Amino acid sequence: MLIMLIIQDILISDDIVEKKFLCNLNACKGACCVEGDFGAPLEDEEIEVLEKIYPKIKPFLTEEGKSVIEQKGVKAYYEEPKEYGTPLIDGKACAFINFNSEGIAICGIEQAYNQGEINFKKPISCHLYPIRIEKNDSAGFEALNYDKWDICNPACSLGNEKQLPVYRFLKDAIIRKYGEDFYEELEAAVAYLDN
């Protein structure tokens, strides 16, 4: 069992290093975008970006999603986590959702990005999932925690089969959020602890 790591003043849960994870969309059908009580957490600057690029994302969304966003905007405030997140369709699916021909939930924002329409991939909270960022501004710390959710059991099984730790599965997202140096320090710390 590892102790919690601290990289560049950010606390990292040992689960992020020890647990294995690899999204298995054929098994879960993108359930994390469809289930839940809250939308994907949004950072302040992401709200501004989404407001600006919404017209380019709109063609990649369902009619229900467009309707919700046009009524409520690109964000909704959620009392329990006390933060802004993406709005939901009927209190469940993310309003930015769409589905591919196999019925797998896909992100309309990411579709627009992949088609070269925008240069914003998707909210960082989505890109980092199953890592969740917990901030405590009054204490001045930020922590990265592993969010265990039973709908991700197929991803845990596939991750175990491939022996892929959460942090390696999310390498690109971690680098996007914290930079190459941060990721290299994390890799070095894990290698040191493994010896």
Residues that are part of a loop (DSSP other than H, G, I, E, B) and either exposed (fewer than 12 other Cβ atoms within 10 Å of the Cβ) or on the phi < 0 side of the Ramachandran plot (or both), drawn from the range 136-190: Asp137, Ser138, Ala139, Gly140, Asp147, Lys148, Trp149, Gln163, Leu164, Leu170
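This table checks each residue for (1) buried (at least 20 other Cβ atoms within 10 Å of the Cβ); (2) closer than 27 Å to Val190 by Cβ; (3) charged (D, E, K, R).
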| site | (1), (2), (3) |
| --- | --- |
| Met4 | no, yes, no |
| Asp14 | no, yes, yes |
| Val17 | yes, yes, no |
| Asn24 | no, yes, no |
| Asp44 | no, no, yes |
| Lys52 | no, no, yes |
| Lys72 | no, no, yes |
In the set Ala112, Ala143, Ala95, Ala139, which member is touching a strand residue (DSSP E or B) at 6+ places or on another chain (Cβ under 6 Å) and farther than 16 Å from Ile16 by Cβ? Ala95
Quick check, is Tyr77 out of contact with any Cys (no Cβ under 9 Å at 6 or more places or on another chain) and assigned to a strand (DSSP E or B)? yes
Output the number of residues of the range 70-96 satisfying the condition of being among the charged types (D, E, K, R), closer than 20 Å to Ile53 by Cα and under 16 Å from the mean Cα position of the chain (by Cα). 1
Among (1) in the same structural domain as Gly179 (by TED's automatic domain parsing); (2) in contact (Cβ under 8 Å) with a residue 12 or more places away in the chain, there is one condition Ile104 misses while meeting the rest; what is its number? (1)
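Yes or no, residue by residue, for (1) out of contact with any Ser or Thr (no Cβ under 6 Å at 6 or more places or on another chain); (2) over 30 Å from Ala188 (Cβ atoms); (3) loosely packed, with under 15 Cβ neighbours inside 10 Å; (4) modelled with pLDDT of 95 or more:
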{"residue": "Asp9", "(1), (2), (3), (4)": "yes, no, yes, no"}
{"residue": "Val34", "(1), (2), (3), (4)": "yes, yes, no, no"}
{"residue": "Gly39", "(1), (2), (3), (4)": "no, yes, no, no"}
{"residue": "Val49", "(1), (2), (3), (4)": "yes, yes, no, yes"}
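Residue-by-condition table, conditions (1) on the phi > 0 side of the Ramachandran plot; (2) in a helix (DSSP H, G or I); (3) of a type in the set (A, V, I, L, M); (4) assigned by TED's automatic domain parsing to the domain that holds Ile124:
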| position | (1), (2), (3), (4) |
| --- | --- |
| Ile6 | no, no, yes, no |
| Leu11 | no, no, yes, no |
| Ile16 | no, yes, yes, no |
| Cys32 | no, yes, no, no |
| Ile47 | no, yes, yes, yes |
| Glu51 | no, yes, no, yes |
| Lys56 | no, yes, no, yes |
| Pro59 | no, yes, no, yes |
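The values are calculated or read from the model by the stated rules, or taken from the named source; none is laboratory data. Not measured: the values here are computed from a predicted model. When we count neighbours, we look across all protein chains shown, and the Cβ atoms used for this are built from the backbone with ideal geometry, even at glycine.
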